[in-house]
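Written out below as structure tokens is the structure these notes cover.
Every read-out reported here was derived from the displayed coordinates using simple, explicitly stated rules and does not represent laboratory data. Treat the numbers as computed from the prediction; the structure is a model and nothing was measured. Neighbour counts are summed over all protein chains in view; Cβ atoms, including those assigned to glycine, are modelled from backbone coordinates with ideal geometry.
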Amino acid sequence: MIRDGVAFVCAALERGERVLVHCQYGIGRSVLLGLCVLVARGLAPLEALACAKAARPVAAPGALPARVADGEGRRIPLLHVHFAPAHPA
């Protein structure tokens, strides 16, 4: 799934499009995908992490469990990510 996301984001960026990557908390999953994109585009892994931490200090890729309870007590997977181009600003 991560490879698909990286390919999607990189292809959109190469076409000059903007991409919004998000998850429920903006701490783990979206950060992980963002880091993978930065590495795919040439940054060293630690350089990518430093960049993410500078922009979002709470960034902690991989810090969340595989499943959490939603607001109604249901268990939901954290690895469900939706890839879609961002709307122009």
Amide H contacts under 5 Å for residue 19, placed H, 5+ residues apart: 86
Inter-label distance, nm, simple model (7 Å from Cα along the C-beta direction), residue 15/residue 51: 2.2
Note, ³J(HN,Hα) from phi for segment 4-19, Karplus 6.51, -1.76, 1.60, rounded to Hz, x at Gly and Pro: 4, x, 4, 4, 4, 5, 4, 5, 5, 5, 5, 7, x, 8, 9, 10
3J(HN,Hα) from dihedral phi, segment 49-55, Karplus parametrisation 6.51/-1.76/1.60, rounded to Hz, x for glycine, proline: 5, 4, 4, 5, 5, 5, 7
Average Cα contact separation per residue, segment 2-63, under 8 Å, 6 or more apart, as relative contact order %: 36
